[in-house]
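For reference, the structure is listed below as structure tokens.
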Amino acid sequence: MRRLRSFRFPSACTALIAILAACLVNVSAAHAERSLPDTIAQRVAACTGCHGREGRAAPDGFHPRIAGKPAAYLHQQLLHFRDGRRRHVAMAHLLAHLDDAYLAEIAEHFAMLEIPYPAPRAPTTTAATFARGRALVIDGDATREIPPCAACHGERFTGVAPAVPGLLGLPRDYLNAQLGGWKNGLRKATSPDCMATIASRLSPRDIEAVSAWLSSQPVPAGGKAATTFSAKPPMACGSIASETHRVSP
Amino acid sequence: MRRGIAIVGALIAIGAALVVTRTETPSRPEITTPATSESIAKGEYLARVGQCEGCHTARGGERYAGGRGIVTPFGTVYATNLTPDPDTGLGRWTRTDFRRALHEGRSKDGRALTPAFPYTNFTHITSDDAAALYDFFQSLPPVRRKNRPHALRFPYDRPWMIAAWRALNFTPGEFVPDTARSAEWNRGAYLVHGLGHCDACHAQRNAMGAVVSGTSLAGGTMPGLGWYAPSLRDPREGGVAHWKREDVAALLATGVAPGATVAGPMAEVVRRGTQHYSADDLQAVVEYLQSVPQVRDVPSTSPAIEPTDPVFALGEKLYANHCADCHGRDGEGAGVAAPALAGNRAVTMTSAKNAIRAVLMGGFAPATTGNPRPYGMPPFGHILSDADAAALVTYIRNGWGNAAPEVSALAINRERGSAVEE
């Protein structure tokens, strides 16, 4: 009885009218204009067109995976492409009119993605080349002042946040092109450019071997980057120094 | 053909050079009033209005320290160092020297400057504005960066050639206000034709690279870059006389407006230049642009191909696969995130260059204060063959009531790999 009494006709009517009106508004809005999701994933559809849905490139392609790479590393690469330190016509065109802050948001977006890695492709090189690659990656070559990759890129080659990228889960052609680019001066990083120095000490056969071995390795435990270096990096690297400087208070 | 043009040009130049005298004497240092914080701030603003940074900053280089290569049909011109370094920049320049560079197109030593520096526009800049710009550039930290010599082909690298060009194409002038018009309109005209140098791109150029008389703002293909700068006098291209005033302002201030997104070189103009315009200057430019006389008697066009045409069917299929998710099944678009293609002038104007480039290279709207996180379109050049891209662009130009000439596979091929500086 009390419940009935509390039912008020005018207020119920108002509520009904409001609901009906809301429906009408929704219908007319749907007719007036489509919209795309207001998400960063939708905004960067220009990136995933080549780098694969959610940033996971196919293992047989040239375009590298970007999902899950350290954020500062990705940001630096975007700035390098935009400002001409790293050369790629399509990337330069796409990034030409974007600013540092937005590129940082884009980098953060892809860095946060956790996408499973596909199984690596079986190596197609000779056993000797494969062994040469493994030796260079794991031990380096002290006589030529080539440090082991793990000294900077993490004990499991999954990178060290925020600035050093992992080396696994990348296509062989991509790795060949990057090391070759550094050797030829086409790819550059913040000075002092340690990778340019190392690549200058690698022969084309070394590069082929290193890329073959790295691209055939499975990615451990989601490929997450380490958070600290296990020991002081063996060389001065501008990319690492500039990010350390940036994050320090 | 090109050689023919060069020879004819050279002959004209030699003839003209005979009547040109170079009697300029280097200016003397003058007594100048010191720069004030107001004049420096004004100069900084005007430098943005004129997008000086766009040419005078190399990609990834120090601001205003020069070094960017401007590609022209005659070779590459390298923009100079505007910072006050005494040896490599403007450190030894006086206000008078600077004013003369803008007004007469001559360097400190009297040498005629290459007209890639748009002094045909800058000659209209008032001496007050020139002084403010000078004060601003002199206030910058000096950057020691030696100017790179221009890489112009013979005979365009010869001083007599530039002298001849000037005799034929350049007269120093002042901006003369139209007293029948409002102050706002006149301010707009001053900015558009002077510091803004809009017709450096939005006009046709002749074989000597000079703006063809009477084509100012009438659109043209940009020499070197190859983008098509649409006519601001044509409602079928970039004319805005019939637009809502706030939409014109939004496009210049943010890079996006209903049904329109700036791309290519105009994205840079918005990012570096027009987004920084004061509210008054923005309104003045809009007022002026909306008053520009428009082409009348526009003939009606009919679609270049019928829906029964196999090219149309191929284009329709490719559109459904690659484009419809964002631009809508019927080309209706999705707000400023993915502009409508039905009725979009960037798609239907006679020159298909920009539409082709959008498909091949994709792109983002510029990041601006008003649109800081723009949506981007992926490039499709690597997954579409020339024939496929031709069918797709032809379909977009003729679907949903659009009507424009068919695009050939050759036209697609010509745009591949172009328009990006290294």
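The values are calculated or read from the model by the stated rules, or taken from the named source; none is laboratory data. Keep in mind that this is a model prediction, so the values were computed, not measured. So basically every Cβ, Gly included, is an ideal-geometry build from the backbone, and we count neighbours across all protein chains shown.
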Which residues, taken from segment B:318-328, are more than 12 Å from chain A (Cβ to nearest Cβ) and free of Cβ contacts under 8 Å to residues at least 24 places away in the same chain?
-> B:Ala320, B:Asn321
Of the conditions (1) under 17 Å from the mean Cα position of the chain (by Cα); (2) more than 29 Å from B:Val77 (Cβ to Cβ); (3) surrounded by fewer than 21 Cβ atoms within 10 Å (Cβ to Cβ), B:Ala253 clears all except one; give me its number.
-> (3)
Could you list, in sequence order, all residues of segment B:147-170 that are assigned to a loop (DSSP other than H, G, I, E, B), surrounded by 15 or more Cβ atoms within 10 Å (Cβ to Cβ) and aromatic (Phe, Trp, Tyr)?
-> B:Tyr156, B:Phe170
From B:Gly401, B:Gly363, B:Gly381, B:Gly315, which residue is under 25 Å from B:Gly273 (Cα atoms) and not hydroxyl-bearing (Ser, Thr, Tyr)?
-> B:Gly363
Matching residues in segment A:210-235 - criterion: being at pLDDT 90 or above and either among the small types (Gly, Ala, Ser) or in the same structural domain as A:Gln76 (by TED's automatic domain parsing) (or both) = A:Ser211, A:Ala212, A:Ser215, A:Ser216, A:Ala225, A:Ala226
What are the residues in segment B:273-283 that are in contact (Cβ under 8 Å) with a residue 60 or more places away in the chain and either surrounded by fewer than 21 Cβ atoms within 10 Å (Cβ to Cβ) or over 21 Å from B:Gly219 (Cα atoms) (or both), if any?
-> B:Gln275, B:His276, B:Tyr277, B:Ser278, B:Asp280, B:Asp281, B:Gln283
Quick check, is A:Ile138 at pLDDT below 95, closer than 30 Å to A:Glu208 by Cβ and away from chain B (no Cβ under 14 Å)?
-> no
In segment B:237-265, how many are part of a helix (DSSP H, G or I) and either within 13 Å of B:Thr368 (Cα to Cα) or touching a residue at least 40 places away in the same chain (Cβ under 8 Å) (or both)?
-> 8
Surrounded by 17 or more Cβ atoms within 10 Å (Cβ to Cβ), within 12 Å of chain B (Cβ to nearest Cβ) and in contact (Cβ under 8 Å) with a residue 24 or more places away in the chain: does that describe A:Ala46?
-> yes
Filtering segment A:67-88 down to residues that are charged (D, E, K, R) and surrounded by fewer than 24 Cβ atoms within 10 Å (Cβ to Cβ) yields A:Arg82, A:Asp83, A:Arg85, A:Arg86, A:Arg87
Would you mind finding the one in A:Leu94, A:Leu79 that is under 19 Å from B:Ala358 (Cβ atoms) and in a helix (DSSP H, G or I)?
-> A:Leu94
Which of the residues spanning segment B:379-410 are assigned to a loop (DSSP other than H, G, I, E, B) and either crowded, with 22+ Cβ neighbours inside 10 Å or small (Gly, Ala, Ser) (or both)?
-> B:Pro379, B:Gly381, B:Ser385, B:Gly399, B:Gly401, B:Ala403, B:Ala404, B:Val407, B:Ser408
What do you reckon, is B:Gly331 within 7 Å of chain A (Cβ to nearest Cβ) and in contact (Cβ under 8 Å) with a residue 12 or more places away in the chain?
-> no
If you check A:Gly185, A:Gly133, which single one turns out to be touching a helix residue (DSSP H, G or I) at 6+ places or on another chain (Cβ under 9 Å) and touching a residue at least 40 places away in the same chain (Cβ under 8 Å)?
-> A:Gly133
Segment B:76-119, residues that are in contact with a helix residue (DSSP H, G or I) (Cβ under 8 Å, 6 or more places away or on another chain) and in a helix (DSSP H, G or I) = B:Arg95, B:Phe98, B:Arg99, B:Ala101, B:Leu102, B:His103, B:Glu104, B:Tyr119
Flagged pairs (Cβ under 7 angstrom, 6 or more apart or on separate chains; first in segment A:77-93, touching a residue at least 24 places away in the same chain (Cβ under 8 Å) and at the interface with another protein chain (Cβ under 7 Å from one of its Cβ atoms); second part of a helix (DSSP H, G or I) and buried (at least 18 other Cβ atoms within 10 Å of the Cβ)) are A:Ala90/B:Met361
Consider only pairs whose beta carbons are under 8 Å apart and that are at least six residues apart or on different chains; among these, list those whose first residue lies in segment A:218-238 and is within 19 Å of A:Lys69 (Cα to Cα) and whose second residue is aromatic (Phe, Trp, Tyr).
-> A:Pro218/A:Tyr117; A:Val219/A:Tyr117; A:Gly222/A:Tyr117; A:Gly223/A:Tyr117
Identify all residues within segment B:288-326 that are surrounded by 11 or more Cβ atoms within 10 Å (Cβ to Cβ), in a loop (DSSP other than H, G, I, E, B) and within 29 Å of the chain's Cα centre (by Cα); write none if there are none.
-> B:Val292, B:Gln294, B:Val295, B:Thr301, B:Cys323
Given A:Ala131, A:Ala119, A:Ala150, which one is exposed (fewer than 15 other Cβ atoms within 10 Å of the Cβ), among the aliphatic types (A, V, I, L, M), assigned by TED's automatic domain parsing to the domain that holds A:Glu208 and farther than 19 Å from A:Ser242 by Cα?
-> A:Ala131
Within segment B:35-73, track down each residue that is in contact with a Gly (Cβ under 7 Å, 6 or more places away or on another chain) and basic (Lys, Arg).
-> B:Arg48, B:Arg59
Matching residues, segment B:334-344, being within 11 Å of another protein chain (Cβ to nearest Cβ) and in a loop (DSSP other than H, G, I, E, B) = B:Gly335, B:Ala337, B:Ala340
If the Cβ limit is 6 Å and pairs must be 6+ apart or interchain, which residue in segment B:174-202 that is over 20 Å from B:Ala101 (Cβ atoms) pairs with which residue that is part of a helix (DSSP H, G or I) and of a type in the set (Gly, Ala, Ser)?
-> B:Glu184/B:Ala284; B:Arg187/B:Ala284; B:Gly188/B:Ala284
Among the numbered criteria (1) outside any helix (DSSP H, G or I); (2) under 23 Å from the mean Cα position of the chain (by Cα); (3) surrounded by 13 or more Cβ atoms within 10 Å (Cβ to Cβ), which single criterion is violated by B:Gly173?
-> (3)
Hey, does segment A:97-113 have a residue that's β-branched (Val, Ile, Thr) and modelled with pLDDT of 95 or more?
-> yes
State all residues of segment B:345-378 that are more than 19 Å from the chain's Cα centre (by Cα), assigned to a loop (DSSP other than H, G, I, E, B) and within 8 Å of another protein chain (Cβ to nearest Cβ); if no residue qualifies, say none.
-> B:Gly362, B:Pro372, B:Arg373, B:Pro374, B:Tyr375, B:Pro378
